[in-house]
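Visitor: Take this structure first; my questions come after.
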Amino acid sequence: MTTERIRIALQKSGRMADNSMELLIKCGLHVDRSREELFCRIKELPVDLLLIRDDDIPGFVSDGVCDLGIVGENVFAERRAGAKEAFGASILERLNFSHCRLSIAVPENGPISSVADLANKTIATSYPNLLQAFLNENNIQAHKLEMSGSVEVAPRLRIADAICDIVASGATLMANNLRELTTVLKSEALLIRSSAMLSPEKEAVIRRLLARMRGAVMAEDSKYIMLNAPRSAVEKIAKLLPGCDSPTILDLNRGDMVAIHAACKEAVFWETVEKLQAAGATGILVVPIEKMTA
Ligand code: PRT
Ligand code: ZN
């Protein structure tokens, strides 16, 4: 009997491609392939990868061509919002990378200063379904101008009064003399799955992969902190450790000093290190965590 293999759709090339592949590698899947290949077989688990354009991923998963997919929430939500019937794919996990937002932006110093001012205006976008849902929610009638790219130039060309597009750092808006009016959707990379009934064999592989992915995502920002401190400072220091409720306290053979070890589930910034020092911590070591379970 041949083992049933699950199929995961990933972006072939583009902003999400490398991070998606890195995540799978962190999950113990070794991918040897050239970028040109569309299909990629994994040796360690019964998993195959299909490398396609991000716009095709929600459809491939909802049609059951692929069982799982990694895709930006903006792309998934737009496709789902445009579906005529119940969409055959759902969110399995948020993956905490490729953060961006779908926003409405307007010319700096232009006449539009509130969402209500968008009434009867023309908004250029590649996200007509999400934009329409936003306009409906806000009871606004406006015209949509669908563009597949370079949306940010539409106001300058005087073909639109506003845009609804992806913003990350905001540099593109600034370069085009636009300012953000409001956010329509916050987005990050998602693991999505097909709603189709899968065999128990496939479900078991998905469960294993999902547990590994959660571990990798959780470990991403996590750090292991080790430091020394006077016993009297333990309480204060414990409160400063980000995302850690119960540090380990070890006696040191040095007066009233202890060692504090803690797995912090949130990023440890320099500001935190400086606060720990001010609270009496010395010999602070912050090391990355590779894998983590709940
Ligand atoms: O070829 P394919 O169709 O697969 O890829 P694509 O060209 O459609 O998408 P791609 O690779 O550009 O982006 C893939 C996904 O990355 C998007 O769907 C988002 O979920 C996510 N992402 C994260 C971004 C950005 N950051 C981003 N900055 N997608 C697009 N942008 C663009 C945006 O369109 C705008 O032009 O970058 C500009 C804004 O960036 P800032 O930093 O100047 O604000
Ligand atoms: Zn695309």
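The values are calculated or read from the model by the stated rules, or taken from the named source; none is laboratory data. Keep in mind the model is a prediction, meaning the values are calculated, not measured. Neighbour counts are summed over all protein chains in view; Cβ atoms, including those assigned to glycine, are modelled from backbone coordinates with ideal geometry.
Visitor: Out of segment 140-155, which residues are in contact with a strand residue (DSSP E or B) (Cβ under 8 Å, 6 or more places away or on another chain) and either outside the structural domain of LYS121 (by TED's automatic domain parsing) or surrounded by fewer than 16 Cβ atoms within 10 Å (Cβ to Cβ) (or both)?
Guide: If the condition is that a residue be in contact with a strand residue (DSSP E or B) (Cβ under 8 Å, 6 or more places away or on another chain) and either outside the structural domain of LYS121 (by TED's automatic domain parsing) or surrounded by fewer than 16 Cβ atoms within 10 Å (Cβ to Cβ) (or both), then HIS143, GLU146 are the ones that fit.
Visitor: In this structure, is LEU198 in a strand (DSSP E or B) and within 30 Å of GLU4 (Cβ to Cβ)?
Guide: no
Visitor: From the list ALA116, ALA105, which one is part of a strand (DSSP E or B), in the same structural domain as ALA171 (by TED's automatic domain parsing) and on the phi < 0 side of the Ramachandran plot?
Guide: The match here is ALA105.
Visitor: Which of the residues that make up segment 239-268 are touching a residue at least 24 places away in the same chain (Cβ under 8 Å) and in a helix (DSSP H, G or I)?
Guide: Passing the criteria: only LEU240.
Visitor: For segment 2-25, which residues satisfy the criterion of being hydroxyl-bearing (Ser, Thr, Tyr), over 16 Å from GLY72 (Cα atoms) and either touching a residue at least 12 places away in the same chain (Cβ under 8 Å) or not in a loop (DSSP other than H, G, I, E, B) (or both)?
Guide: The answer is THR3, and nothing else.
Conditions tested, residue by residue: (1) within 30 Å of ALA219 (Cβ to Cβ); (2) among the aliphatic types (A, V, I, L, M); (3) buried (at least 17 other Cβ atoms within 10 Å of the Cβ).
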residue: GLY72; (1), (2), (3): yes, no, yes
residue: VAL75; (1), (2), (3): yes, yes, yes
residue: LEU95; (1), (2), (3): yes, yes, yes
residue: VAL115; (1), (2), (3): no, yes, no
residue: THR125; (1), (2), (3): no, no, yes
residue: ASN138; (1), (2), (3): no, no, no
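Visitor: Let me ask another. Spot the failing condition for ARG15; the list is (1) more than 15 Å from ligand 2 (Cβ to nearest atom); (2) under 22 Å from the mean Cα position of the chain (by Cα); (3) surrounded by fewer than 19 Cβ atoms within 10 Å (Cβ to Cβ), and only one is missed.
Guide: (1)
Results for (1) at pLDDT 90 or above; (2) among the small types (Gly, Ala, Ser); (3) touching a Phe, Trp or Tyr at 6+ places or on another chain (Cβ under 7 Å), shown as yes or no for each residue.
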{"site": "GLU235", "(1), (2), (3)": "yes, no, no"}
{"site": "PRO242", "(1), (2), (3)": "no, no, no"}
{"site": "LEU252", "(1), (2), (3)": "yes, no, no"}
{"site": "GLY255", "(1), (2), (3)": "no, yes, no"}
{"site": "CYS264", "(1), (2), (3)": "yes, no, no"}
{"site": "GLY280", "(1), (2), (3)": "yes, yes, no"}
{"site": "LYS291", "(1), (2), (3)": "no, no, no"}
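Visitor: Something else now. If PHE97 meets every condition in (1) part of a strand (DSSP E or B); (2) within 24 Å of the chain's Cα centre (by Cα) apart from one, which number is that one?
Guide: (1)
Visitor: A follow-up question, please. One residue is enough: does segment 191-199 have a residue meeting the conditions within 27 Å of ASP56 (Cβ to Cβ), loosely packed, with under 13 Cβ neighbours inside 10 Å and free of Cβ contacts under 8 Å to residues at least 12 places away in the same chain?
Guide: Scanning segment 191-199 turns up at least one residue that is within 27 Å of ASP56 (Cβ to Cβ), loosely packed, with under 13 Cβ neighbours inside 10 Å and free of Cβ contacts under 8 Å to residues at least 12 places away in the same chain.
Visitor: If you don't mind, another one. Scan segment 141-157 for residues that are part of a loop (DSSP other than H, G, I, E, B) and either within 16 Å of ligand 2 (Cβ to nearest atom) or farther than 16 Å from LEU130 by Cβ (or both) and report the count.
Guide: The number of residues fulfilling the criteria is 9.
Visitor: Something else: For GLU37, all conditions in the list (1) away from ligand 1 (no atom under 16 Å from the Cβ); (2) surrounded by fewer than 16 Cβ atoms within 10 Å (Cβ to Cβ); (3) over 27 Å from GLU290 (Cα atoms) hold save one; what is the number of the exception?
Guide: Failing condition for GLU37: (1).
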